[in-house]
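Visitor: Below: one structure in structure tokens.
The values are calculated or read from the model by the stated rules, or taken from the named source; none is laboratory data. Every value quoted in this text rests on a predicted model; they were computed, and no experiment measured them. Here Cβ is always computed from backbone atoms with ideal geometry, including for glycine, and neighbour counts include all displayed protein chains.
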Amino acid sequence: MTLSLTLDYYTHWGESLALRLETTQGQSLHPLHTRDGRLWQLELKLASTSLRYHFVLLGTEGEVLRREAEDHQLELEGARDTQLYLRSCWRDRPSERTRYSRAIRVLSSEPSPQPLASAEAGRPLVTFLVEAPALAPDAELCLTGSAAALGGWQPEAALPLQHLGKGRWGLGLDASLIASEAGAPSAYKYLLRSALDELRWEEGPDRQLPLTELTAAKHLYLEDGLLRIPLEAPRLAGCVVPLFSLRSSSDWGVGDMQALHEAIDAVAELDMHALQLLPINDTTFYRDARDSYPYNAISVDALHPIYLSIERLARLADSALEAELREEATRLRALPTLDYPAVLQLKERYLRALFTERAAADLTSPSYQDFARRSARWLEAYSYYSLLRDRHPGMPPSAWTGYEHYDAARLRSTLSIEQAELDYYKWLQYLLDEQLRAVRQHAEERGVFLKGDLPIGVAPHGLDVWLAPEYFHLEESAGAPPDDFAADGQNWGFPTYDWERMQRDGYRWWQQRLEGLEQYFHAFRIDHVLGFFRIWEIPRSQRSGLLGHFHPALPYSLEEWRTLLPTPYPIELLTAPLLHHSDLEKALGEERLQHFLSSGKLLPTSLSDYYTLSSGEQQAFDKEGLEELLPLCTETALIADPYRPGHYHPRISWERSRLWQHWSPELQATWASLSHEYYYQRHNALFQHTALERLSGLIRHTDMLLCAEDLGMIPATVPAVLQELQIASLELERMPKVLTASGWISPAHFPCHSVATTSTHDMPPLRAWWHSLGVDRQTAYLQEELGLSPLELAELDEAGIYRAIVEAHLASPAQLALLPLADWTATDERLWLQRPEEEQINHPEDPHQYWRYRFPIALGELVAQQPDWCRYIRHIIHSASRIPTL
């Protein structure tokens, strides 16, 4: 099969274009040729009728100057000796990518994908292809043009296109019908035709048929790119809730797939169109409260068995065991919070009993075979991991003697005797896949899109690291620098990514993660999107986030530090903890101070009254139980870079250190200026380039709605990158991204392409936040942010304050207003069923947080029992025009 391709693209002198073709054998680069610098051509011999490719613009040295935003995907028709012609187009990201996402298509009732009509034997075919955003249910996408076969510009004679899937539309015509009119005008356009015969034509110049190729080629494909009819993305409202927190009348002490099914119904009844979850991947490792942390997944693909709905499974043949387990489920369901270990143990007892009864039938079923085929990339490895994890309780793979490294052949040869156990773990994932797919289908039927979560990290002891350790920096731990919520910073314990290694594979690891998410979700939250710009890395030998550094970064050499920071003593002393005698007395007391001096844990330096530690690594002292020395390790001003020996980063928040107080005002001012430039200016270009490279490689293959979690210490380049890539930012009134006099930012100033929210799971919800302000701050907020007069203030009760805050967020320009469930219910005091502080899901400053929050009532019951509240929620959503208007 020969494909002749043309691309109309204006280039400057020295620039060239190439096509990067992706096949099952890998990627290949094919240069295009031009005579005029505008019309570029290429001829390819193809062995496959499935084509995936994108164009790149190259510089004089062959460097990539620009690449397309998304890949082209074509299914070609023809035999090996067929001559095909393709008029392609450069695909830029649409100005309103949100409307092209699968999340918005859930609301549009798109027709099911249909294959294009095939050409009759021996007759040429012309295929028109165009990409359109989500269309209104009554809208029909048509084509008409100057040729009589195209309708002769008559709207009533326009030809309807077929939906090919994922927003792609096409029309196949007998080319001879058009070619017979050779010499006649060859223009055409697309238009939208409604049920009431309302018409919306494409903007811009007419599109042109290439008549020469039309008569010469057996098959002519016209890729017309984006539909040129501007359509705004709808404004929508939705709810954010962790799955484990949901209740139903049949749950077993934790939110499950049945509770999620009922939550979708409740959300739809409130005229919301989005439901956002926290991660639901398997975290099973210790089988205790530590596994309740949903961001510490052992697999980026496997779902957590704790979320299986027992009610959606068959009853046990052993009725006595069934009754015993259900009695315990009733007790766990009644608890105010999640008892994670007890729930997991109870469900596993039921599931193992059911597996014994159902395995023979289920494992040979067509549906299981289909699941196993779709999950072949990770399923077998997951089953081996689960088996060995259970054999070695609480031990990481590095301690699995003989199995420290994943070796599929060795595993198969030595563990084949355990096939039943391996099948059990595969079977659990099969059931989860079935149930979650059913939930997704139900959500689509109710006009609700599901938003998942893409955690930035993976468990250091998990399957992903065991399977592909080359993708990770195992000696580093991901975290976050200090902020108002965690003065010591955060150390999440996840290994950081070896992005350079991942880039060599075309970010395939990330693309596979998204393919997994796409099976169940329509949108996703990019957890800690700042990690794609740079990650805060902490050496595994340290505990405190204060001892971290950004990567990638541009640290200074020791020679540069000597010039930048003129200290009155050797600069080398700042590369280890440096402690004044008076500070040691305050921190340790005289007796312990003398003990550590005599034991050699504290060592004198060349400076009088200054000491250092025998080791600057917190892990060493932690193993010895010397916790009082751990904070002293953070008294290190210059943090060594692990990738460039002899280079150092300034320790963050150094102005809060003990040594800072002993510095002169001049030295403090020098450091403050240097540190500010280092953390807020020096790396902007590097971070921007890094994020564009990584995120572009990550998202180019997905049509899910992209949303970022971009809170925290934000590089100045973040907004521009998110805007360029059409990734929605997260906007929070109490965490402005620019300095404001009040410390707040009005929702009226939120950007359009964003998600507005009132709180996140990592902070106090609305009621707890309000109670924490104090009277003066509360009064200032009501007057300055809500603009209330003294008379209005006097008439406003507490629930009225929350109503005003929620309504302000709904009225914001943000396309999505996704609020936590507790903040929706804050608007009615009859729904204050918990103390404000009980509603906070996570305390990020607590490294041993037990994620056990449960909403006090099932959402179905809430909607049924509170009609007044439901009417109010629907009213404010409609008043803010947060309803689909496609």
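Visitor: Examine the range 864-871 for a residue that is assigned to a helix (DSSP H, G or I), more than 30 Å from the chain's Cα centre (by Cα) and surrounded by 17 or more Cβ atoms within 10 Å (Cβ to Cβ), and state whether such a residue exists.
Guide: Checked against the condition, which is being assigned to a helix (DSSP H, G or I), more than 30 Å from the chain's Cα centre (by Cα) and surrounded by 17 or more Cβ atoms within 10 Å (Cβ to Cβ), the range 864-871 yields at least one hit.
Visitor: L730 - would you say it is hydrophobic (A, V, I, L, M, F, W, C), in a helix (DSSP H, G or I) and not assigned by TED's automatic domain parsing to the domain that holds K451?
Guide: Spelling it out, it is not the case that L730 is hydrophobic (A, V, I, L, M, F, W, C), in a helix (DSSP H, G or I) and not assigned by TED's automatic domain parsing to the domain that holds K451.
Visitor: To continue, here is another question. Would you kindly identify the strands (runs of 3 or more DSSP E) lying entirely within the range 184-256 that contain at least 1 residues that are surrounded by 14 or more Cβ atoms within 10 Å (Cβ to Cβ) and over 27 Å from the mean Cα position of the chain (by Cα)?
Guide: Where strands (runs of 3 or more DSSP E) fall fully within the range 184-256 and carry at least 1 residues being surrounded by 14 or more Cβ atoms within 10 Å (Cβ to Cβ) and over 27 Å from the mean Cα position of the chain (by Cα), they are 187-193, 199-201, 219-226.
Visitor: Which numbered condition trips up G712, out of (1) modelled with pLDDT under 95; (2) touching a Pro at 6+ places or on another chain (Cβ under 7 Å); (3) not hydrophobic (A, V, I, L, M, F, W, C)?
Guide: Unmet for G712, out of (1) modelled with pLDDT under 95; (2) touching a Pro at 6+ places or on another chain (Cβ under 7 Å); (3) not hydrophobic (A, V, I, L, M, F, W, C): (2).
Visitor: Right, here's the next one. Condition first: surrounded by 15 or more Cβ atoms within 10 Å (Cβ to Cβ) and either assigned to a strand (DSSP E or B) or touching a Leu at 6+ places or on another chain (Cβ under 9 Å) (or both). Now tell me which residues in the range 149-164 satisfy that.
Guide: A149, L150, G151, A158, L159, L161, Q162, H163, L164
Visitor: Report every pair of residues separated by at least 6 positions or lying on different chains whose Cβ atoms are under 6 Å apart, first residue within the range 1-18 and farther than 12 Å from S88 by Cα, second surrounded by 18 or more Cβ atoms within 10 Å (Cβ to Cβ) and aromatic (F, W, Y).
Guide: Between residues of the range 1-18 that are farther than 12 Å from S88 by Cα and residues that are surrounded by 18 or more Cβ atoms within 10 Å (Cβ to Cβ) and aromatic (F, W, Y), the close pairs are L17/W40; L17/F55.
Visitor: Could you please find all residues in the range 115-146 being at pLDDT 85 or above, in contact with a strand residue (DSSP E or B) (Cβ under 9 Å, 6 or more places away or on another chain) and part of a loop (DSSP other than H, G, I, E, B)?
Guide: The answer is A132, P133, L135, A136, A139, S146.
Yes/no matrix, rows are residues, columns are (1) within 26 Å of the chain's Cα centre (by Cα); (2) small (G, A, S):
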site: S664; (1), (2): no, yes
site: T670; (1), (2): no, no
site: L674; (1), (2): no, no
site: F687; (1), (2): yes, no
site: E693; (1), (2): yes, no
site: L698; (1), (2): yes, no
site: A708; (1), (2): yes, yes
site: A720; (1), (2): yes, yes
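Visitor: List pairs: first in the range 419-439 and outside the structural domain of F371 (by TED's automatic domain parsing), second buried (at least 22 other Cβ atoms within 10 Å of the Cβ) and assigned to a helix (DSSP H, G or I), Cβ under 7 Å, 6+ apart or cross-chain?
Guide: none
Visitor: Mind telling me which of the residues L819, L786 ends up being touching a residue at least 12 places away in the same chain (Cβ under 8 Å), among the hydrophobic types (A, V, I, L, M, F, W, C) and surrounded by 19 or more Cβ atoms within 10 Å (Cβ to Cβ)? Walk me through it before giving the result.
Guide: On the way: L786 fails: surrounded by 19 or more Cβ atoms within 10 Å (Cβ to Cβ).
Exactly one of L819, L786 is touching a residue at least 12 places away in the same chain (Cβ under 8 Å), among the hydrophobic types (A, V, I, L, M, F, W, C) and surrounded by 19 or more Cβ atoms within 10 Å (Cβ to Cβ), namely L819.
Visitor: Let me ask something else about it. Just for the range 174-183: of the residues that are over 13 Å from L222 (Cβ atoms) and under 49 Å from the mean Cα position of the chain (by Cα), which one is modelled with the lowest pLDDT?
Guide: Within the range 174-183, the subset over 13 Å from L222 (Cβ atoms) is 174, 176-177, 179-183.
This time we only want the ones that are under 49 Å from the mean Cα position of the chain (by Cα), so: 174, 176-177, 179.
Details: D174: 86, S176: 80, L177: 80, A179: 68.
The residue in question is A179.
Visitor: Here's a check for you: in the range 399-408, which residue that is on the phi < 0 side of the Ramachandran plot and free of Cβ contacts under 8 Å to residues at least 24 places away in the same chain is surrounded by the fewest Cβ atoms within 10 Å (Cβ to Cβ)?
Guide: T401
Visitor: Also, I was wondering about something else. For the range 638-649, what are the residues that are touching a residue at least 40 places away in the same chain (Cβ under 8 Å) and under 34 Å from the mean Cα position of the chain (by Cα)?
Guide: Listed by number, the residues that qualify are L638, I639, A640, D641, P642, Y643, R644, H647, Y648, H649.
Visitor: (1) over 21 Å from Y382 (Cβ atoms); (2) crowded, with 23+ Cβ neighbours inside 10 Å: which one isn't true of I280, the others all being true?
Guide: Failing condition for I280: (1).
Visitor: Filter the range 32-47 for residues that are of a type in the set (D, E) and either surrounded by 15 or more Cβ atoms within 10 Å (Cβ to Cβ) or assigned to a strand (DSSP E or B) (or both) and give the result.
Guide: The one that is of a type in the set (D, E) and either surrounded by 15 or more Cβ atoms within 10 Å (Cβ to Cβ) or assigned to a strand (DSSP E or B) (or both): E43.
Visitor: List the pairs whose first member sits in the range 135-162 and is of a type in the set (V, I, T), whose second member is surrounded by 21 or more Cβ atoms within 10 Å (Cβ to Cβ) and not in a loop (DSSP other than H, G, I, E, B), and whose Cβ atoms are under 9 Å apart, counting only residues at least 6 apart or on separate chains?
Guide: Close Cβ pairs satisfying both conditions: T144/L150; T144/Y188; T144/K189; T144/Y190.
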